[in-house]
Amino acid sequence: MCAAAYLPKGKEELDNDSVNAQERVDYVQIQQGLSVCISRSEASLKPCSFPGDNEYIHLNCLLQGEFEAKIRNINIHLREGEVNIGFSDGEEFYMPRSTEFCNLAVMITPKLLMEIAGEELLQEHWYSDVSFFVKNVGKSPKAVSAALNLATLMNESPQRKILLHAAVLNYIHWSLEDSSEQSCKCNISAREKHRLEAAKRYLLKDLSEPPTISEIAEVVGLNQCKLKRGFKILYNCSIYAYFQEKRMKKALDLLRQNNVTETAMILGYSNVSHFSAAFKKQFNILPKDARRELIASVEYNRTP
């Protein structure tokens with residue numbers, strides 16, 4: 001993003017000559033392999049260049065202003081509220097001019113990012129050895145909100161390490177979530193969509209016994225990562241959440257003719273209390289109270 005954001009190995013290095021004198025940096029190391037910095041730069045007409053690092057993936061959020069740079073043959077142009085993720089692999093950055101901006105950058109090693117995020121959020125080309133890439137995520141309200149919260153903590157409570165750590169993880173999550181959704185929306189083919197629809201039908205064929213993710217993946221011919229990510233994009237929730245929603249809607253219908261225990265048994269629950277907890281989570285009412293209201297409604301409608 002800026003010179004400071006791409007030289008994250010230590011605060012001493014952030015203060016070296018390669019960082020423009022008109023730039024101010026706040027830097028916090030969260031743990032080994034994970035740090036965050038806020039860079040503020042004043043406008044300047046002088047062009048400048050600086051080397052990128054070859055150790056960290058950068059998750060940038062432009063909090064204020066505008067940023068322009070070029071690396072290899074890729075032009076980076078970010079506006080306020082936009083997110084950018086990249087690994088510069090030591091390549092040189094060139095800035096034709098420096099505009100006034102404030103950028104928050106979380107810097108994390110690829111290995112640690114994989115451990116934290118897992119395959120569900122990461123793009124497939126990140127699973128193996130990381131090489132140069134730049135990805136403009138664009139506008140991301142949730143990531144920006146997380147970044148602003150993190151910036152506030154850094155400015156007001158830098159000593160509260162647990163809160164800072166949690167805020168960094170929250171920001172990483174939403175940055176990767178929006179990046180993943182953007183890629184999936186663009187990359188879901190008609191064939192993959194057909195398989196995801198088949199996955200939904202297989203998922204709902206028996207509401208008393210949810211299939212495993214691996215079972216669904218094998219049946220429809222998708223790997224588990226693509227299945228989970230694609231399902232969430234297509235249906236706006238996880239596979240299990242979708243199953244539970246349909247299961248509880250079926251329970252609501254069954255309660256018109258069956259008591260709570262019978263309904264729980266029909267839907268595959270051996271423990272009635274587990275069923276009651278799931279039902280309340282879905283509808284914010286216990287099934288016994290819902291049944292009472294349903295029966296009262298039926299009797300009221302029958303009254304001449």
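The values are calculated or read from the model by the stated rules, or taken from the named source; none is laboratory data. Just so you know, these numbers come straight off a predicted model, no measurement behind them. With ideal geometry, Cβ positions are generated from the backbone for all residues, glycine too; neighbour counts draw on all protein chains shown.
The rows are residues; the columns are (1) of a type in the set (S, T, N, Q); (2) assigned to a helix (DSSP H, G or I); (3) outside the structural domain of Ala117 (by TED's automatic domain parsing).
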residue	(1), (2), (3)
Val219	no, yes, yes
Arg256	no, no, yes
Thr261	yes, yes, yes
Ala277	no, yes, yes
Leu294	no, yes, yes
Ser297	yes, yes, yes
Matching residues, segment 247-294, being surrounded by fewer than 14 Cβ atoms within 10 Å (Cβ to Cβ) and under 16 Å from Ser208 (Cβ atoms): Lys249, Asp253, Thr261, Glu262, Gly268, Ser270, Asn271, His274
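Residue-wise test of (1) outside any strand (DSSP E or B); (2) small (Gly, Ala, Ser).
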residue	(1), (2)
Gln64	no, no
Phe67	no, no
Lys70	no, no
His77	no, no
Val83	no, no
Gly86	no, yes
Gly90	yes, yes
Leu104	no, no
Hey, any hits in segment 258-266 for a residue that's modelled with pLDDT of 95 or more, more than 26 Å from the chain's Cα centre (by Cα) and closer than 30 Å to Arg191 by Cα? no
Given the condition surrounded by 14 or more Cβ atoms within 10 Å (Cβ to Cβ), over 30 Å from Leu176 (Cβ atoms) and of a type outside the set (Ser, Thr, Tyr), answer yes or no: does some residue in segment 197-209 qualify? yes
Of the criteria (1) surrounded by 17 or more Cβ atoms within 10 Å (Cβ to Cβ); (2) out of contact with any Asp or Glu (no Cβ under 9 Å at 6 or more places or on another chain), which one Leu222 fails: (2)
